[in-house]
Amino acid sequence: MGQPRPPESFPRVYSPPEPPSTARRSAFVGILTAVLAFGLASLAVVYLSSGFGRKPSQGRPFDAASRQPSSTQSPINSATPEQTPSASPTPTVGSPSPSGARPFVRLPPVCSTPSDATSTRLVPSPRITSRSSNTAVTTCTVVSTRGSRPSLHVEAYLFRPQNGGDPVKDAQAFVSSDWAQAHKDDGLTTTIVLERQPGLGDEAFHMYKIDKGEPVVVGEVEVRLRNAVVRVSYSRDSPAKADEQATQKRLLDEAAGVGRQTVRAFV
């Protein structure tokens, strides 16, 4: 065993490590905070630019009806394409038309015009061979096998307000299209007369045609009153040469009379 250590002449004092100065610690914390902030900002930019976390757009639902053809083409396909609303008032059913008269809201019942007395006079022993109807158009065909085998075909069209449109203008466009089409050769008939007919509705025209395939002549009238359009075809076997002028006048006059009756039957 060695010699015992002699007692120290002064007490030993333990000194722990000195903490870093306040200035050094503040600088370190500042640098660390800046680095973390820069990193988080970079991650946020990448995240947003990639599209993650973005909610889907809550846009207007797709309206299939707005993609339908314009009602100016046909009242059956009356829904028009989606349009930007204009500053002008939007016509509604029952509201006055630009001319001051209220547009019609209902078609006459199918085959209700002309009257029974008129039908019997124009088509002896009349027999309805076809009829159809919906809320936009009705058609009716009446024929006879007696005499010159006359037949009467009536079409009635109703144009309704669609997507802020004007039903009267739609009806006008429909008649204008038919007027232009009447000037074209359809390959089936020969047009003898085609002219405007004043004094019938708001506008009208008539035409007299001869069928190229069969010995048949046709007097046809198309008339518009406000947002209603009526087309009437009155036909019969071709007359003798001496009766051509009289037959032409009678077919056109009678077709105009039926057109006038029918267009006045709209409600």
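The values are calculated or read from the model by the stated rules, or taken from the named source; none is laboratory data. Bear in mind the structure is a predicted one, so any value in this text is a computation, not a measurement. As a convention, Cβ positions derive from the backbone with ideal geometry for all residues, glycine included, and neighbour counts pool all protein chains shown. These area figures cover heavy atoms from the full protein model, side chains too; ligands, DNA and RNA do not enter into them. Shrake-Rupley method; radii C 1.70, N 1.55, O 1.52, S 1.80 Å.
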Q) Long-range amide H contacts for VAL193: which residues qualify at under 5 Å (H placed 1.01 Å from N, peptide plane, sequence gap of 5 or more or a different chain)? A) TYR208
Q. Tell me, what % of the accessible area of segment 110-174 is carbon and sulfur with a 1.4 angstrom probe?
A. 48 percent
(Q) If every alpha-carbon in segment 134-228 counts as one equal scatterer, what log10 I(q)/I(0) does Debye give at q = 0.12 1/Å? (A) -0.48
Q) In nm, to one decimal, how far is the HIS183 label point from the THR145 one, both placed 7 Å along Cα→Cβ? A) 4.3 nm
